[in-house]
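The values are calculated or read from the model by the stated rules, or taken from the named source; none is laboratory data. It should be emphasised that the depicted structure is a prediction, and the values quoted were computed from it without experimental measurement. Because the Cβ atoms are built from the backbone with ideal geometry, glycine has one as well, and the counts that use them run over all protein chains shown.
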Amino acid sequence: MPKTPARFKGPRLWLWAAGALLVLGFPLLVSDYWVDVMNFCGIYMLLGLSLMLIVGYAGLFNLGHAAFYAVGAYVTAILSTRFGVPSLLLLPAAGLAAGLVGYLIARPIIHLRGDYLCVVTIGFGEIMRIALVNNPWGLTGGVNGIMGIPRPSLGFFAIHTVQQYYYFILIFIVLYVLVLRRLENSRIGRAWTCIREDDTAAEAMGIDTASLKLLAFVVGATGAGIAGNIYAAKMTVIAPGSFNFWESCVMFSIVVLGGTGSIPGVLAAALGMTALPELFRGFLRARMLVFGLAMVLMMIFRPQGLWPGARWRRAPGAPGGGGGPAVAPGAPGGGGGPAVAPGGESGC
């Protein structure tokens with residue numbers, strides 16, 4: 001009989017409790033400057049998680065994610081400055097507007113694959129930036145952007161300090177992680193993983209690949225729109241330069257460096273991409289060299305990412321129930337059968 005592998009033992013409860021206390025108490029331990037750095041890090045965490053749903057789960061190359069980020073920010077800025085709508089009430093509107101734009105853009109191009117889809121999304125991102133610069137109907141303010149965006153407030157509830165923003169953003173990160181975990185373990189999440197591994201095989205198995213790819217784009221764009229709302233309300237001023245191609249590259253790097261389909265990896269990569277450059281701010285001329293060297297070394301020695309996702313997952317319909325915990329061949333409940341996908345997040 002095959003030897004039963006040892007069960008994976010996760011971190012002890014006290015480690016999780018210590019980590020939670022550190023996160024919650026961080027604003028009390030450091031200066032306002034570093035709290036503000038972590039606020040921007042939190043926004044990039046939201047953007048990385050939303051892009052991970054498209055790139056990491058569904059396997060769609062998207063290098064125009066900053067466009068959806070811009071839609072959420074500009075919807076918030078225009079409605080709050082022109083009509084006086086509180087930015088907190090505009091959170092759903094910003095997400096829905098970005099999701100709608102994601103649907104309209106992805107619907108005609110969803111059949112494209114690989115590099116072709118990547119090039120089209122780059123073009124869309126640049127079209128969005130140029131449109132904002134051209135100030136259509138006098139709404140976007142052109143190159144100067146929109147100023148005077150009110151901070152989040154609703155009745156007696158108002159956010160002004162960097163510490164308040166820290167906890168405000170933290171709430172959205174926790175909620176988004178919970179949503180992604182539910183999606184990851186659902187039938188839709190397993191179907192996305194099958195599409196990522198081999199969309200031809202997934203389609204042959206009866207999965208509606210076009211609709212599920214479109215759904216991934218829409219849900220990911222919605223998350224980016226919400227992050228845009230938070231960014232606009234925090235900065236009180238936005239301009240097209242904040243949503244250029246470089247921003248899309250940073251988001252894509254966060255997903256790739258973190259690990260395909262790995263929520264902890266994306267959070268760790270966002271922390272590294274935003275906080276580490278601040279540590280090297282004193283070496284202004286050399287910090288980009290250090291950053292580039294770190295990227296090259298990652299690609300050579302850790303191509304799977306900082307925190308890769310689970311290596312094995314039971315395939316739907318495998319002995320022991322669909323969508324259960326990750327198991328390797330021969331593990332308890334796995335039945336030792338062939339219905340396991342090596343190298344992927346879940347089997348098809």
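Things worth noting here:
- Residues located in the stretch 84-94, provided they are part of a helix (DSSP H, G or I) and surrounded by 15 or more Cβ atoms within 10 Å (Cβ to Cβ): LEU91, ALA93, ALA94
- Filter result for ALA97 (buried (at least 21 other Cβ atoms within 10 Å of the Cβ), closer than 28 Å to ALA275 by Cβ, hydrophobic (A, V, I, L, M, F, W, C) and at pLDDT 90 or above): no
- Qualifying residue in the stretch 151-160 (condition: outside any loop (DSSP other than H, G, I, E, B) and of a type in the set (D, E, K, R)): no
- Scope the stretch 131-141; condition in contact (Cβ under 8 Å) with a residue 12 or more places away in the chain and in a helix (DSSP H, G or I); matching residues: LEU132, VAL133
- Flag for VAL37 being surrounded by fewer than 23 Cβ atoms within 10 Å (Cβ to Cβ), aliphatic (A, V, I, L, M) and not in a loop (DSSP other than H, G, I, E, B): yes
- Helices (runs of 4 or more DSSP H) wholly inside the stretch 166-252 containing at least 1 residues that are surrounded by 20 or more Cβ atoms within 10 Å (Cβ to Cβ) and in contact with an Asp or Glu (Cβ under 9 Å, 6 or more places away or on another chain): 187-197, 209-235
- Residue match in the stretch 309-317 (condition: within 21 Å of GLU197 (Cβ to Cβ), under 20 Å from the mean Cα position of the chain (by Cα) and either polar (S, T, N, Q) or modelled with pLDDT of 70 or more (or both)): no
- If the condition is being among the hydroxyl-bearing types (Ser, Thr, Tyr) and closer than 17 Å to PRO86 by Cβ, then the stretch 204-244 contributes TYR231, THR236.
- Scanning the stretch 143-172 for residues being over 18 Å from ALA77 (Cβ atoms), of a type in the set (A, V, I, L, M) and over 25 Å from the mean Cα position of the chain (by Cα) gives a total of 1.
- Remark: pairs (first residue in the stretch 242-264, farther than 26 Å from VAL133 by Cα; second residue part of a loop (DSSP other than H, G, I, E, B) and among the aliphatic types (A, V, I, L, M); Cβ separation under 9 Å; 6+ apart in sequence or on different chains) = LEU257/LEU306; GLY258/LEU306; GLY259/LEU306; GLY261/ALA310; SER262/LEU306; SER262/ALA310; PRO264/LEU306.
- Residue within the stretch 62-70 that is touching a strand residue (DSSP E or B) at 6+ places or on another chain (Cβ under 9 Å), assigned to a helix (DSSP H, G or I) and either surrounded by 17 or more Cβ atoms within 10 Å (Cβ to Cβ) or touching a residue at least 12 places away in the same chain (Cβ under 8 Å) (or both) present: yes
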